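K.L.:
Attaching a single structure in C-alpha cells format; questions to follow.
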Amino acid sequence: MNKPKIVILGAGYAGLKTAKQLQKKNVNAEIILVNKNEYHYESTQLHEVAAGTEPGSKISFNIADVIDSNKVTFIQDEVTLIKKEEKKVILAKKGEISYDYLVIALGFESETFGIPGVNEFSKPLVDIKTAEAARQYLDTNLANYAKSKNEADLSIAVCGAGFTSIEYLGEITNRIPKLAEKLNFPADKVKITCIEAMPTLLPMFSEKLGTYGIDVLKKRGVNFIVGTPIKEIKENTVVYEQEGELKELTANTVIWTTGVRGSAVVGESGFDERRGRVVVESDLSVAGFPEVFMIGDVSAVMDGDSGRPFPTTAQIALQQGAYLGNALAAKLNNQSVEAFTYKPLGTVASIGNNVGLGNVMGKEVKGYIGSIMKKNIINKSLVTTGGTKTLLKKGRFDYYH
C-alpha cells in the first residue's frame, strides 16, 4: 500500500516549520516540500538587506541543510496552479504532482492597491532579490549626487509607515552617515520622507511607545506626512492627497512598503480569498476541502475577540506550522485534532541596530533593551526554522555596541 503523500508549498516560516515538525514526528508518509528558491529567508529582516546593513546571506540559509532528505523530499520549483478538485499541483518545471494532503504556505507579495505607477517607479521589499535591488537603487542614487549635484538624488520617499517601513527607516538613518563618507555626498542634505494614509503611526503599540519610536526617527531627520493617501507614483515623484489637494514629492529613491497580500496563486486557483488570504477552519483547513490547509500569509485566522483576522506575522506562521505538523501526524493515526489557538507572545520593532520598541509578555520595552529583545526574537526564529547550527552561523549576538 502506498504511503499517503503530504505536499507542502512554500518554505517560509510556516511551510518549513510544518516540514520540520512532520519529520520530527517521524510520520509514515511521503513528504514533499516545494519552494521556488533553494533557500529559506527570514522575511522579517528584509529591511536590513534593503538598507544595506546586512547582506542577503546573513538572513538566509539553504533548505537542504535543515531538512532530513530521508524523510522530506525537496523540490526547487515554482507553483503555478492548484487543482483542488483533482488533488493536483502544477509546477513550472516539473509539471503535475498529486497529493493526499496539501499545505499551502506560499507567502506574500507586494500590495499595490491598484495605485498607478507602483510597479514601474518604486521598489518593494518582498524577498531577497527585491531587497538587494532596493539597496542598489538607494546606493546608486546617493552616489550619483557627487556628479549630478541634483538634490533629488538625496531625496528618499518611503511609502507607508507600517512595521517594515519603520524598521527600514531605522536602518537607513543609521547607515547614511557612513555612506556619506564612502560615496562623497553631504549627509545633512539627505531628505527622508515617510508618507502614510492612516492618521496615526505605529497603532499596534501604545500611544506612549509609538510616540517614542517616531520621535527617535524624527530626531534622525525623518519627515512624516500622515493622513495622506498616495494617489500615483510617477518617475521620481510621489503624488499624494492632503486635505483634498493633490501634492507631489520629488525623490529619486521611492521605496514601496504600504502593505502585502497573499500569493496570487491562491486566487488564480479558485479559492475564496480576499487579498490572497483565505479564512480557514479551526484546524487550518479550507472549507469544503478538509485535506487542504492554508497557513502563513495566505491564511486568515479569525480573532474571536475582535472579529477580525489576526495580523500575518512570523510568530503566528511558526505557531501554525508547529500545530499543523502535529495535527497531520494525528490525522494519519486516526486521532482527534484540537482546534488551533494562537498565543501572541509580543511584538518588537527595531529602529536600527541599537534601538527597539515593543511589547514582550505584556511588558513594554524600548531603547537598548528593546534592541536586545528584538535580537533574541530573531535568534529564536532561527533556532525554530534552522536549528542550532544555523543559529550559530546566522544569529544576532552583537548585544554590545
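The values are calculated or read from the model by the stated rules, or taken from the named source; none is laboratory data. These figures come from a predicted structure and were not determined experimentally. Because the Cβ atoms are built from the backbone with ideal geometry, glycine has one as well, and the counts that use them run over all protein chains shown. The protein model used for the area step is the full one, side chains on, heavy atoms only, and it has no ligands, DNA or RNA in it. Shrake-Rupley method; radii C 1.70, N 1.55, O 1.52, S 1.80 Å.
K.L.:
Starting from the Cα of ARG275, step 7 Å along the direction of its Cβ; do the same at LYS380; then give the gap between the two resulting points in nm.
P.N.:
Taking the two extended label points, one gets 2.6 nm.
K.L.:
How big is the antiparallel share of DSSP beta bridges in the chain, given as a percent to the nearest 5?
P.N.:
Values: 38 of 73 bridges.
If I count the DSSP bridges inside the chain, around 50 percent turn out antiparallel.
K.L.:
Here is a follow-up. Sorted from largest down, give the three principal axis spans of the alpha carbons of the range 123-255, whole angstrom values.
P.N.:
If we take the Cα atoms of the range 123-255, the spans are 42, 31, 30 Å.
K.L.:
By how many nm would the segment from LYS189 to ASN26 grow when fully extended, if each residue of separation counts as 0.36 nm and the alpha-carbon distance is taken off? Don't skip to the end; give the middle numbers.
P.N.:
Details: separation 163, 0.36 × 163 = 58.68 nm, distance 5.89 nm.
Full extension from LYS189 to ASN26 adds 52.8 nm.
K.L.:
Using the crude model of +1 on Lys and Arg Cβ and -1 on Asp and Glu Cβ, and no other charge, please compute the dipole size for the range 123-255 relative to its Cα centre, in debye to 20.
P.N.:
Working: 17 positive and 18 negative charges, 96 e Å.
Using only the charged Cβ atoms, the result is roughly 460 debye.
K.L.:
Please list, short to long, the whole-number percent of alpha-carbon pairs of the range 112-188 in consecutive 10 angstrom bins beginning at zero.
P.N.:
P(r) over the range 112-188, rounded to whole percents: 16, 48, 31, 5.
K.L.:
May I pose another question? Report the gain in length on full extension from THR211 to VAL226: 0.36 nm times residue separation, minus Cα-Cα distance, nm rounded to one decimal.
P.N.:
Gain on extension, THR211 to VAL226, equals 4.0 nm.
K.L.:
In terms of the ratio Rg/(2.2 N^0.38 Å) built on C-alpha atoms, what value belongs to the chain? Walk me through the numbers before you get to the answer.
P.N.:
Values: Rg = 21.8 Å, N = 401, 2.2 N^0.38 = 21.5 Å.
After normalising by residue count via 2.2 N^0.38 Å, the value is 1.02.
K.L.:
Label-point separation (nm) for THR73 and SER57, each offset 7 Å from Cα along Cα-to-Cβ?
P.N.:
3.2 nm
K.L.:
Which of the listed residues, ALA50, LEU202, PRO177, is farthest toward the dipole's positive end in the chain, when Lys, Arg count +1 and Asp, Glu count -1 at the beta-carbon?
P.N.:
Checking the options against the dipole of the chain, the answer is PRO177.
K.L.:
Quickly work out the GLU248-to-LEU345 label distance, labels modelled 7 Å from Cα along the C-beta direction, and quote it in nm with one decimal.
P.N.:
Modelled inter-label distance: 4.9 nm.
K.L.:
Next question. Could you sort 36-49, 304-317, 154-167 so that the peptide with the highest average Cβ count within 10 Å comes first and the rest follow in order? Intermediate results must be reported in sequence, preceding the final value.
P.N.:
Working: 36-49: 21.6, 304-317: 15.1, 154-167: 23.6.
Highest-to-lowest ranking by the protection proxy: 154-167, 36-49, 304-317.
K.L.:
May I pose another question? Taking the dipole about the Cα centre of the range 123-255, with the C-beta of Lys and Arg at +1 and of Asp and Glu at -1, give me whichever of THR237, THR140, THR211 is farthest to the positive side.
P.N.:
Of the listed residues, the answer is THR140.
K.L.:
Please state the relative contact order of the chain as a whole percent: Cα pairs under 8 Å, 6+ residues apart? It would help to have the intermediate numbers written out before the result.
P.N.:
On the way: 820 pairs, mean separation 75.9, N = 401.
19 percent.
K.L.:
Same structure, new question: Using a simple charge model, +1 on the beta-carbon of Lys and Arg, -1 on the beta-carbon of Asp and Glu, nothing else, what dipole does the chain show about its Cα centre, in debye to the nearest 20? All intermediate terms of the calculation are to be shown ahead of the outcome.
P.N.:
Details: 48 positive and 46 negative charges, 251 e Å.
Using Cβ point charges on Lys, Arg, Asp and Glu, the chain gives about 1200 debye.
K.L.:
How much length, in nm to one decimal, is gained on full extension between LYS88 and ASP305, taken as 0.36 nm per residue of separation minus their Cα-Cα distance?
P.N.:
Using 0.36 nm per residue and subtracting the Cα-Cα distance, I get 74.5 nm.
K.L.:
Report ASP65's accessible area, 1.4 Å probe, all protein chains in place, as a number in Å² to the nearest 10.
P.N.:
Here the accessible area works out near 120 Å².
K.L.:
Do any GluC sites (Glu not before Pro) in the range 222-284 lie in a loop, going by DSSP, with at most 11 other beta-carbon atoms within 10 Å of their beta carbon, and if so which? Don't skip to the answer; put the middle values down first.
P.N.:
Numbers: sites: GLU232, GLU235, GLU241, GLU243, GLU245, GLU248, GLU268, GLU273, GLU281; in loops: GLU235, GLU243, GLU273, GLU281.
In loop regions of the range 222-284 (DSSP not H, G, I, E or B), the sparsely surrounded GluC sites (Glu not before Pro) are GLU235, GLU243.
K.L.:
Note down the magnitude of the dipole of the range 1-60 about its Cα centre, charges +1 on Lys and Arg C-beta and -1 on Asp and Glu C-beta and zero elsewhere, to the nearest 20 debye. Each step should come with its number before you reach the end.
P.N.:
Numbers: 8 positive and 5 negative charges, 86 e Å.
The dipole of the range 1-60 has a size of about 420 debye.
K.L.:
Using +1 at the C-beta of Lys and Arg and -1 at the C-beta of Asp and Glu, which of SER269, ILE255, GLN320 has the Cα lying farthest in the positive direction of the dipole of the range 247-401?
P.N.:
So the residue we want is ILE255.
K.L.:
Whole-Hz Karplus ³J(HN,Hα) for the range 358-375, in order, using 6.51 cos²θ - 1.76 cosθ + 1.60 and θ = phi - 60°, x for Gly and Pro?
P.N.:
x, 10, 10, 6, x, 10, 7, 10, 7, x, 4, 4, x, 5, 5, 4, 4, 5
K.L.:
Show me 339-351, 3-15, 169-181 ranked by packing, highest mean number of other Cβ atoms within 10 Å first. It would help to have the intermediate numbers written out before the result.
P.N.:
On the way: 339-351: 16.8, 3-15: 25.2, 169-181: 19.6.
The packing order, highest mean first, is 3-15, 169-181, 339-351.
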